[in-house]
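Enquirer: My structure is below; once you've seen it, I'll send some questions.
The values are calculated or read from the model by the stated rules, or taken from the named source; none is laboratory data. Only a predicted model underlies this, so the values are computations on that prediction, with no experimental measurement involved. As a convention, Cβ positions derive from the backbone with ideal geometry for all residues, glycine included, and neighbour counts pool all protein chains shown. Keep in mind that these areas ignore ligands, DNA and RNA; they rest on the heavy atoms of the full protein, side chains included. Shrake-Rupley method; radii C 1.70, N 1.55, O 1.52, S 1.80 Å.
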Amino acid sequence: MALMQVSFFSEALGLSTQMNVILPQQTRGQIGMEGRAASGKTPVLYLLHGMSDDHSIWLRRTSIERYVADMGLAVVMPTTHLGWYTDMAHGNRYWEFVSEELPKICHSFFNGLSDRREDTFAAGLSMGGYGALKLGLCAAGKFAAVASLSGAVGVCSKYDHHDNDNGTFWTDIFGPADKMPGSENDLFTQAEVLKASGKPLPKIYQWCGTEDFLYDQNVKMRDHLQALGYDVTYEESPGDHQWKYWDEKIQTILKWLPLK
C-alpha cells in the first residue's frame, strides 16, 4: 500500500485543507502483509470522520491500511471540520466540497482511480455516517453503495439540538430549526425524493449499537428506507458510541462493498 497525506487548496471552502489517501500497491516482499493492485481502474472509498476528528482519525483508531491491503481499493479520508457535510447557512460549502470538488481533485491527482459509479463508495461514523448516507441519497449518480456506522441520520428532525446551550452552532450549519425538516439536509425527505425520481438507488449498510444515543434515529431510518424499497443491510449489536465497535464494523463494511 501507499499512504499519502495531501495538503491542497479547496476553492469551495476558500482555504487549504488535508486528506489522507491509501492507494493499492502490488507487493510480495512485505513481511506479514501482501498488497494487491486493482486489475483495472481502482475503485475508491470516501471514508468520513465524525464531529471531534479529522483526516487522520481512521488511521489512528483502526488498521484501515492493513484491512484494505489485499482489496485493490483506494481510500480517501478528507478533513471536513464541523461542517456536517453541508453547505452551511452561515459558513463554508462543505457539501459542494465533499460531493463535487473532492472527487474531481482526487481524480486529477490520482489518474488511476475509477470514475464509474459502480466503483465509488462512501462510509463514515456519527457525523460521517450522516455524510455518507447523504452522498448516497443526494449524489446517487456518483455513489453505488454507502455505509453508516452510528450515524447521526436524524439530525434534521432533532429539535433539541437547537437549545440555548449550543448557542447558534446548529442554526449556523442547518439554518432555523423549523426549516430543517423537509430541507435538502433532511435525509428522510431526500430518501423519498430520490425514490420518486426513478434514478438508481444506492445499496445501503447501517450499523448502530443498541446502547448508542443515536440508536432510535437509526431504527427509524432503517424502517423508512425499507418501506421505500431501498436495498438496506441493517445490523445492530450491544454497544455505544466508541471506536472499538467502529474498528470492528469497518471490516464488515469492506467485505460488504460490491467490488467488481
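Enquirer: Leaving out ligands and nucleic acids, note down the accessible area per residue over region 1-145 with a 1.4 angstrom probe, in whole Å².
Expert: Value returned for region 1-145: 40 Å² of accessible area per residue.
Enquirer: A further question follows. In the neighborhood of Ala89, defined by Cβ-to-Cβ distances under 12 Å, what is the net charge if each Lys or Arg adds +1 and each Asp or Glu adds -1?
Expert: Overall, the nearby charge balance is -1.
Enquirer: For n ≥ 4 DSSP H runs only, could you compute -39500 (n - 2.57) per run for the chain, divide by its residues and tell me the 222 nm figure to the nearest 500?
Expert: Helices in the chain give a 222 nm mean residue ellipticity of -8000 deg cm²/dmol.
Enquirer: What's the extension gain from Thr233 to Glu100 if we count 0.36 nm per residue and subtract their Cα-Cα distance?
Expert: Result for the pair: 45.2 nm of gain on full extension.
Enquirer: Answer with one residue from Thr120, Ser63, Asn92: the one whose Cα lies farthest towards the positive end of the charge dipole of region 54-127, charges on Cβ with Lys, Arg +1 and Asp, Glu -1.
Expert: Ser63
Enquirer: Rounded to the nearest whole Å², what accessible area per residue is found for region 217-258 with the 1.4 Å probe? Let's see the in-between values first.
Expert: Numbers: 2070 Å² over 42 residues.
Roughly 49 Å² per residue, with all protein chains present.
Enquirer: For region 56-137, just say rounded, prolate or oblate: build the C-alpha gyration tensor, square-root its eigenvalues into a ≥ b ≥ c, call rounded for a/c under 1.5, and beyond that prolate if a/b exceeds b/c, oblate if not.
Expert: Oblate, because a/c is 1.5 or more while a/b does not exceed b/c.
Enquirer: Count the DSSP beta bridges whose two residues both fall in region 18-111, then state the antiparallel fraction as a percent rounded to the nearest 5.
Expert: Beta bridges within region 18-111, antiparallel portion: roughly 60 percent.
Enquirer: Sticking with this structure for a sec: Roughly how many whole Å is it from the C-alpha centroid of region 202-260 to that of region 1-62?
Expert: Spelled out, the Cα-based centre of one part sits 22 Å from the other.
Enquirer: Here's a follow-up. With a ≥ b ≥ c the root eigenvalues of the C-alpha gyration tensor of region 177-260, is it rounded (a/c under 1.5), prolate (a/b larger than b/c) or oblate? It would help to have the intermediate numbers written out before the result.
Expert: Values: a/c = 2.30, a/b = 1.29, b/c = 1.78.
Here region 177-260 falls in the oblate category.
Enquirer: Can you pull out the trypsin sites (Lys or Arg not before Pro) in region 1-57 that DSSP calls coil and that have at most 10 other Cβ atoms within 10 Å?
Expert: Those that pass, being in a loop and sparsely packed, are Arg28.
Enquirer: Given contacts defined as C-alpha pairs under 8 Å and at least six residues apart, what's the relative contact order of the chain, whole-number percent?
Expert: This gives 16 percent for the chain.
Enquirer: If you build a Gaussian network model of the chain, linking Cα atoms that sit under 10 Å apart, which residue out of His49, His90, His241 swings the most?
Expert: The residue that fluctuates most here is His90.
Enquirer: On to the next question. Full-extension gain between Lys255 and Lys220, please, as 0.36 nm times their residue separation minus the C-alpha to C-alpha distance.
Expert: That works out to 10.1 nm of additional length.
Enquirer: Still on this structure: What are the residues whose amide H is under 5 Å from the amide H of Gln25, where those residues sit 5 or more places off or on another chain and H is modelled from the backbone?
Expert: Placed amide hydrogens put Ala2, Arg36 under 5 Å from Gln25.
Enquirer: Which aspartates and glutamates have a Cα lying under 15 Å from the Cα of Lys179, excluding residues fewer than 8 positions away in the same chain?
Expert: Reachable aspartates and glutamates: Asp87, Asp160.
Enquirer: Moving on. Is the shape of region 119-250 best called rounded, prolate or oblate, per the rule: a/c under 1.5 gives rounded, else a/b larger than b/c gives prolate, else oblate, with a ≥ b ≥ c the square roots of the Cα gyration tensor eigenvalues?
Expert: Taking the square roots of the gyration eigenvalues as a ≥ b ≥ c, region 119-250 is oblate.
Enquirer: Measure nothing but the geometry: give the 0 to 90° angle between the long axis through the Cα atoms of 187-197 and the longest principal axis through the Cα atoms of the chain, rounded to 10°.
Expert: 70
Enquirer: Right, next: Select from Arg222, Arg93, Arg61 the residue whose mean-square fluctuation is largest in a Gaussian network model of the chain (Cα-Cα springs shorter than 10 Å).
Expert: Ranking Arg222, Arg93, Arg61 by mean-square fluctuation puts Arg61 first.
Enquirer: How large a share of the accessible area of region 123-260, in percent, is made up of carbon and sulfur atoms when the probe is 1.4 Å and the other protein chains stay in place? Please report the intermediate quantities before stating the final value.
Expert: On the way: 2850 of 5840 Å².
Carbon-and-sulfur percentage of accessible area, whole number: 49.
Enquirer: Same structure again: Return the label of the correct value of semi-axes √(5λ) of the Cα gyration tensor in Å, as calculated from the structure shown, out of [x] 34, 22, 16; [y] 28, 20, 18; [z] 24, 22, 20.
Expert: So the structure-derived entry is [y].
Enquirer: Running a GNM on the chain with Cα contacts under 10 Å, which residue among Trp246, Trp95, Trp170 ends up with the highest mean-square fluctuation?
Expert: Highest fluctuation of the listed residues: Trp170.
Enquirer: Given Cα pairs under 8 Å that are at least 6 residues apart, what percent is the relative contact order of region 159-260? Spell out each step's value before the answer.
Expert: Details: 82 pairs, mean separation 22.0, N = 102.
Relative contact order comes out at 22 percent.
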